[in-house]
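The values are calculated or read from the model by the stated rules, or taken from the named source; none is laboratory data. Owing to the predicted nature of the structure, the values given are computational and were not obtained by experimental measurement. In this analysis, Cβ positions are derived from the backbone assuming ideal geometry, glycine residues included, and neighbour counts consider all displayed protein chains.
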């Protein structure tokens, strides 16, 4: 039986932004938020968790454009994404925010800007000086990493948690990093429910890298914290969707 984390270094801040607060901030700054369908807003009212990330960016001669992906996990187990466009109309001008329901609408809107059209990745001109080598995905810390892996697998309560083979590999871990990939508190109509997803990345003795994915949630009958661990991110996200659907049923 797992217990809530008390001193974990990756514990969320005391007052993280709720899905409702994140949505209200997005709608409040978007000039065209009134164009979103009422049904979309009603669906987002039952969001359990949210995640936001930079999708693409372009900066040139004082003009800029960034696009952001905002995703909410809903109480029925589905996910809903809104796309935010941030840009200025004159060099050095104040940023303007727009929000769209699908990526096609986003591309149509970016096509009217003075900057080049939307690209799937960062489109930074040569005036921006970037390091020639990409930044490493993980910054590992050597801190009793094998013991951390053992304790993580021990507190996992899901029947399909990683087995003995992966546990043996992680026993050779020399360093690790914990990254929050999704999460924050959410609310259903009956109770407060929290979902968080963490990537635990391990550097092994032979130089190989292995990640396991932890779902921490309170979608339990008595509201207690529960830990589930999976060997793949997609399996962990599917587990979050199943738990969210159980809460709404």
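Mind checking which residues of segment 81-98 are under 18 Å from residue 39 (Cβ atoms) and either touching a helix residue (DSSP H, G or I) at 6+ places or on another chain (Cβ under 6 Å) or assigned by TED's automatic domain parsing to the domain that holds residue 240 (or both)? Can you show your working first?
Of the residues in segment 81-98, the ones under 18 Å from residue 39 (Cβ atoms) are 81-83.
Answer for segment 81-98, where residues must be under 18 Å from residue 39 (Cβ atoms) and either touching a helix residue (DSSP H, G or I) at 6+ places or on another chain (Cβ under 6 Å) or assigned by TED's automatic domain parsing to the domain that holds residue 240 (or both): just 83.
Listed residues 139, 218; which is modelled with pLDDT under 90 and surrounded by 15 or more Cβ atoms within 10 Å (Cβ to Cβ)?
Checking each option against the conditions leaves just 218.
Say we look at segment 29-62 and pick out the residues that are more than 30 Å from residue 89 (Cα to Cα) and touching a helix residue (DSSP H, G or I) at 6+ places or on another chain (Cβ under 7 Å); which of these is modelled with the highest pLDDT? Reasoning before the result, please.
As a first pass, look at segment 29-62 and keep what is more than 30 Å from residue 89 (Cα to Cα): 39, 42-49.
From what is left, the residues that are touching a helix residue (DSSP H, G or I) at 6+ places or on another chain (Cβ under 7 Å) are 44, 47-49.
Values: 44: 88, 47: 83, 48: 81, 49: 83.
So, considering only residues that are more than 30 Å from residue 89 (Cα to Cα) and touching a helix residue (DSSP H, G or I) at 6+ places or on another chain (Cβ under 7 Å), the one modelled with the highest pLDDT is 44.
Could you run through segment 56-82 and say how many residues are in a strand (DSSP E or B) and under 26 Å from residue 194 (Cβ atoms)? Please lay out each step first, then the result.
Taking segment 56-82 first, the residues in a strand (DSSP E or B) are 56-60, 63-74, 79-82.
Then keep just the ones that are under 26 Å from residue 194 (Cβ atoms); that gives 68-74, 79-82.
Final tally of qualifying residues: 11.
Are any residues in segment 161-176 touching a strand residue (DSSP E or B) at 6+ places or on another chain (Cβ under 8 Å), in a helix (DSSP H, G or I) and either within 19 Å of residue 198 (Cα to Cα) or not assigned by TED's automatic domain parsing to the domain that holds residue 236 (or both), and if so, which ones? Outline the logic, then answer.
Pass one, segment 161-176, residues touching a strand residue (DSSP E or B) at 6+ places or on another chain (Cβ under 8 Å): 161-162, 166, 169-170, 172-176.
Next, from what is left, pick out any that are in a helix (DSSP H, G or I): 166, 169-170.
Selection gives 166, 170.
Tell me, which residue of segment 225-249 that is assigned to a loop (DSSP other than H, G, I, E, B) and either modelled with pLDDT of 85 or more or under 20 Å from residue 167 (Cα atoms) (or both) is farthest from the chain's Cα centre (by Cα)?
My answer is 225.
Taking residue 213 as meeting all but one of (1) modelled with pLDDT under 90; (2) within 20 Å of residue 78 (Cα to Cα); (3) in contact with a helix residue (DSSP H, G or I) (Cβ under 7 Å, 6 or more places away or on another chain), write down the number of the exception.
Just one mismatch for residue 213, condition (1).
Could you look through segment 148-160, keep only residues that are in contact with a strand residue (DSSP E or B) (Cβ under 9 Å, 6 or more places away or on another chain) and outside any loop (DSSP other than H, G, I, E, B), and pick out the one that is nearest to residue 170 (Cα to Cα)?
149
State which residue is nearest to residue 24 (Cα to Cα) when the search covers only segment 86-102 and only residues that are surrounded by 15 or more Cβ atoms within 10 Å (Cβ to Cβ) and at pLDDT below 90.
The residue in question is 87.
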